[in-house]
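**Student:** Could you have a look at this structure, given as structure tokens, before my questions?
What follows draws every value from the coordinates through simple rules; no lab data is involved. Here the structure is a predicted model, which means the values were calculated and not measured. Please note: Cβ atoms are built from the backbone with ideal geometry, for glycine as well, and neighbour counts cover all protein chains shown.
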Amino acid sequence: MTQLVPMTDDNYTDAADIEQECFSDRPWTAEQFHEEISLDFSRTFIAYCDGKAAGFVNMWLTPPVAIINNIAVRESFRRNGIGTALIEAALAECSDCSSLTLEVRVSNSTAIAFYEKHGFTQVGRRRNFYENPREDAFIMTKFKKKGE
């Protein structure tokens, strides 16, 4: 069973551990995750499966737009609906926003297909956005309809 909980002083290291495992390009540190707790515009949810930290989403709410900074699911927990639960939590949290945007490596076809399945479309490209390895990012946005 998957449970989503807000990130707090008690669990922020779980998000940092997932980040370190899933990202090779400038992963956030535990200190950076801890700082996010104090930001009024920042929201982070951590997914737990049977008590184990499985994934997280971090976003910034800056109406009328919202931005997903990081979303990750540990490889051993993938394809179990956790990513969908995290995206849905992000969308619910940004009810006052007209769009939700993120960046994704152009080579990450699995993630791109996942985001497209959830209504995101490619709206731009950031050249050399990633460093390790160097690669462009697609900017993907989900435009929300009123009442959604």
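**Student:** Could you state the number of Å between the C-alpha centres of the stretch 37-57 and the stretch 82-148?
**Tutor:** Computed from Cα coordinates, the inter-centre distance equals 18 Å.
**Student:** Within the stretch 29-48, what residues put their amide N at less than 14 Å from the label point 7 Å along the Cα-to-Cβ vector of Thr62?
**Tutor:** Only 40-43 pass the distance filter.
**Student:** Using 0.36 nm per residue of separation minus the Cα-Cα distance, give me the extension gain between Glu116 and Glu21 in nm, one decimal.
**Tutor:** Numbers: separation 95, 0.36 × 95 = 34.20 nm, distance 2.44 nm.
This chain segment gains 31.8 nm when fully extended.
**Student:** Using a Förster distance of 22 angstrom, determine the FRET efficiency expected from the C-beta separation of Arg105 and Thr8, and round it to 0.05. List each step's numbers first, then the result.
**Tutor:** Numbers: r = 30 Å, r/R0 = 1.36.
Calculated value: 0.15.
**Student:** Can I ask one more? Please sort 121-129, 14-22 by packing, taking for each peptide the average over its residues of neighbouring beta carbons within 10 angstrom, highest first. Walk me through the numbers on the way to the answer.
**Tutor:** On the way: 121-129: 12.1, 14-22: 18.7.
Top to bottom by mean Cβ count within 10 Å: 14-22, 121-129.
**Student:** Here is a follow-up. For the stretch 12-64, with the dipole built from +1 on Lys and Arg beta-carbon atoms and -1 on Asp and Glu ones, taken about the Cα centre, which of Asn58, Ile37, Pro27 lies farthest toward the positive end?
**Tutor:** It is Asn58, whose Cα lies furthest towards the positive end.
**Student:** Next up: Kindly rank 28-34, 45-51 from highest to lowest mean number of other beta carbons found within 10 Å of each residue.
**Tutor:** Numbers: 28-34: 15.4, 45-51: 17.9.
Taking the mean over residues of other Cβ atoms within 10 Å, the ranking is 45-51, 28-34.
**Student:** Pull up the DSSP beta bridges for the chain and report the antiparallel fraction as a percent, rounded to 5. Each step should come with its number before you reach the end.
**Tutor:** On the way: 35 of 38 bridges.
Once the DSSP bridges in the chain are tallied, antiparallel ones form about 90 percent.
**Student:** Okay, next question. If amide H atoms are built 1.01 Å from N in the plane of the peptide, which residues on other chains or at least 5 residues away come under 5 Å of the amide H of Lys144?
**Tutor:** Ser99, Leu100
**Student:** So what is the relative contact order for the chain, in percent, with contacts set as C-alpha pairs under 8 Å and at least six apart?
**Tutor:** Working: 273 pairs, mean separation 27.6, N = 148.
Value for the chain: 19 percent.
**Student:** For the chain, report the translational diffusion coefficient in µm²/s to the nearest whole number, using Stokes-Einstein at 20 °C, 1.002 mPa s, and a Kirkwood Rh over Cα pairs. Working shown, then result.
**Tutor:** Details: Rh = 15.6 Å.
Using the Kirkwood radius from Cα pairs, D works out to 138 µm²/s.
**Student:** Same structure again: Straight-line reach from Lys117: which aspartates and glutamates fall under 18 Å, measuring Cα to Cα and dropping same-chain residues less than 8 apart?
**Tutor:** Lys117 reaches Glu88, Glu103, Glu148.
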